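Novice: One structure follows; several queries about it will come next.
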Amino acid sequence: MGYWNTKAETMPRDRLEAWQWQRLRRAAEHARRHSPFWAGRIPEGLESPEDFTARVPLLHKRDLLGAQAQSPPYGTWPSIDPAEGIRHHQTSGTSGNPPIRSIDTARDWVWSTDTFCTALYANGVRSGQRGMVCFGYGLFAGFWGMHYALERMGCTVFPSAGLDSTSRIDLLLEHRIEVLGLTPSYALRLIEVAREMGVDLAREANVRVILAGAEPRSDLTTTTIERAFGARVFNAAGTTEYGGVFMFECPHRRNACHIIEPSCYDEVLSPDTGLPVPYGEEGVRVTSGLSREGVQLFRHWTEDVVVKLPHSVCGCGRTWDFYDGGILRRVDDMCKVRGVSVTPVMIEDVVRSLPGINEFQASIRTIRGLDTVHLRIDAGDPGGESGRTLRGHLVERFKREIGIRPEVELAVPGSLPRTEWKATRLHDERAHRPAHP
Ligand SMILES: [Zn+2]
């Protein structure tokens, strides 16, 4: 569907890597000179990417919080005088931590907007289209960049903060809106409301492209959204700490999320050994930002589990490597269900302890107002006696081992995708699930 920046997106790999190193060295030098926090972590005279990864320590969230706490609100982290900032954003500060506060200069914001343009253009958004951003337009950076990107691309943008779902659907219909930005869970909510209004979105609305980002989702969710809207749905992600979009799904290959490599230097490291893992293996994404000057990131341990594949596997012509399936899960993927901590491993342990289950899928759902673990199991013949007996045994054992009674559904044999099971074993599908940082 075309490139927003052909030169950058199709640059030969060796030139791209040389360019990345040049930018990384410059960014690190800027940080070392201007940020007291980075001055203590970045040595002088870095000579190569290998030298950089050997001598710059990993950055954890607690390090940023510590830097902020030294002299609030921004602490020793910024590489500029905060008065040079034109935007303040912050994370929601969940799980007892204060928020991470970030600041962008005018140049940072131009770059951040450009990362959204790259993702939108790749997925077919063009000048003259109309776009709506379903988002609160508050302190959280979220889809702010999408709003600015649509403007820059020559689209007409409809900011819809404060509107309820019914009003948003009316707006979609009235203005024949073609582009939507929202979270997957909110997309599902819009579908539900449209159904209640008697509106068939696929037939009556005009949506072509949906950026459903900011949270992990199942392939099933994607398909449900695509069918209901009759539109293409793509994934993209960014973070407040990083300041822009770092990956977007390619229209050429489902789940191939290209890394915007001219702007970030990403490593994929084993959570156990801290050493780089090869292409195709799961590891934690560790990122360094090459483009931002206000607040900067070097070797940020994101806690996101990814699998990187070489660009050539996609075949769209981009020379940017990609994360297969985007962010698969957090490295410490633990959920609270009615006060009980549940991890994918705990569930797997129970399910695997029963012979006869070929495959399973676990999710946390709100069923009749109550959060519960929902399991779909492939136990051979779904109508057979063995399947029903096995279901009974699984419910009993699960309740005994974990302390919650699960809902167990017998799936059609062979219908559960193996890759998805390995990738995201526990989907949190609750509507009130907290959004991405
Ligand atoms: Zn591609």
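The values are calculated or read from the model by the stated rules, or taken from the named source; none is laboratory data. Keep in mind it's a predicted model, so treat the numbers as computed, not measured. Every residue, glycine as well, gets a Cβ built from its backbone with ideal geometry; the counts of neighbours run over all protein chains shown. Please note that ligands, DNA and RNA were not included when accessible areas were found on the heavy atoms of the full protein model with its side chains. Shrake-Rupley method; radii C 1.70, N 1.55, O 1.52, S 1.80 Å.
Novice: Looking only at region 298-308, filter to residues that are of a type outside the set (F, W, Y) and open to solvent by less than 30 Å² (accessible area, probe 1.4 Å); which one of those is farthest from the ligand (Cβ to nearest atom)?
Specialist: R299
Novice: With respect to the numbered conditions (1) within 30 Å of G128 (Cβ to Cβ); (2) hydroxyl-bearing (S, T, Y); (3) within 16 Å of the ligand (Cβ to nearest atom), which one is the sole condition not fulfilled by T222?
Specialist: Looking at each condition in turn, T222 falls short on (3).
Novice: A further question on this structure: Sort out which residues of region 310-336 are crowded, with 19+ Cβ neighbours inside 10 Å and among the aliphatic types (A, V, I, L, M), and write them in order of number.
Specialist: Residues satisfying the conditions are I327, L328.
Novice: Is it true that V295 is touching a residue at least 12 places away in the same chain (Cβ under 8 Å), within 17 Å of E50 (Cα to Cα), open to solvent by less than 10 Å² (accessible area, probe 1.4 Å) and not basic (K, R)?
Specialist: Criteria not met by V295.
Novice: Looking at region 34-60 only, could you name the residues that are surrounded by 12 or more Cβ atoms within 10 Å (Cβ to Cβ) and assigned to a helix (DSSP H, G or I)?
Specialist: Those that are surrounded by 12 or more Cβ atoms within 10 Å (Cβ to Cβ) and assigned to a helix (DSSP H, G or I): H34, P36, F37, W38, A39, P49, D51, F52, T53, R55.
Novice: Considering region 309-336 alone, what residues qualify as being away from the ligand (no atom under 16 Å from the Cβ) and in contact (Cβ under 8 Å) with a residue 24 or more places away in the chain?
Specialist: Passing the criteria: I327, L328, R329, R330, V331, D332, D333, C335.
Novice: State whether the residues of region 90-103 include one that is of a type in the set (A, V, I, L, M, F, W, C) and touching a Pro at 6+ places or on another chain (Cβ under 6 Å).
Specialist: yes
Novice: Quick check on my filter: what residues within region 219-242 are among the hydroxyl-bearing types (S, T, Y) and buried (at least 24 other Cβ atoms within 10 Å of the Cβ)?
Specialist: Correct list: Y242 only.
Novice: Quick one: L375 ticks every box in (1) crowded, with 19+ Cβ neighbours inside 10 Å; (2) in contact (Cβ under 8 Å) with a residue 40 or more places away in the chain bar one, so which box is it?
Specialist: (2)
Novice: R253 versus (1) modelled with pLDDT of 95 or more; (2) within 19 Å of A122 (Cβ to Cβ); (3) in contact with a strand residue (DSSP E or B) (Cβ under 7 Å, 6 or more places away or on another chain): which is the lone unmet condition?
Specialist: If we test R253 against (1) modelled with pLDDT of 95 or more; (2) within 19 Å of A122 (Cβ to Cβ); (3) in contact with a strand residue (DSSP E or B) (Cβ under 7 Å, 6 or more places away or on another chain), just (3) comes out false.
Novice: Something else: Please go through region 34-49 and give me each residue that is out of contact with any strand residue (DSSP E or B) (no Cβ under 9 Å at 6 or more places or on another chain) and touching a residue at least 24 places away in the same chain (Cβ under 8 Å), ordered by number.
Specialist: Within region 34-49, H34, S35, P36, F37, W38, I42, S48 qualify.
Novice: Of everything in region 337-367 that's closer than 18 Å to D428 by Cβ and without any contact (Cβ under 8 Å) to a residue 40 or more places away in the chain, which residue is surrounded by the fewest Cβ atoms within 10 Å (Cβ to Cβ)?
Specialist: If we take residues in region 337-367 being closer than 18 Å to D428 by Cβ and without any contact (Cβ under 8 Å) to a residue 40 or more places away in the chain, then G339 is surrounded by the fewest Cβ atoms within 10 Å (Cβ to Cβ).
Novice: Kindly evaluate P12 against the criterion of being open to solvent by 50 Å² or more (accessible area, probe 1.4 Å), farther than 21 Å from S263 by Cα and touching a residue at least 40 places away in the same chain (Cβ under 8 Å).
Specialist: When the stated conditions are applied, P12 does not pass them.
Novice: When you go through (1) open to solvent by less than 60 Å² (accessible area, probe 1.4 Å); (2) in a helix (DSSP H, G or I) one by one for W77, which number turns out not to apply?
Specialist: It fails just one condition, (2).
Novice: Still on this structure: Identify all residues within region 243-261 that are away from the ligand (no atom under 13 Å from the Cβ) and open to solvent by 10 Å² or more (accessible area, probe 1.4 Å); write none if there are none.
Specialist: G243
Novice: Pick out, from region 96-185, the helices (runs of 4 or more DSSP H) lying fully within it that include 3 or more residues that are open to solvent by less than 10 Å² (accessible area, probe 1.4 Å).
Specialist: In region 96-185, the matching helices (runs of 4 or more DSSP H) lie at 106-122, 144-152.
Novice: Let me ask you something else. Those residues that are at pLDDT below 75, buried (at least 16 other Cβ atoms within 10 Å of the Cβ) and within 28 Å of the chain's Cα centre (by Cα), I need them from region 382-420; list them, please.
Specialist: Once the filter is applied, which keeps residues that are at pLDDT below 75, buried (at least 16 other Cβ atoms within 10 Å of the Cβ) and within 28 Å of the chain's Cα centre (by Cα), region 382-420 yields only E420.
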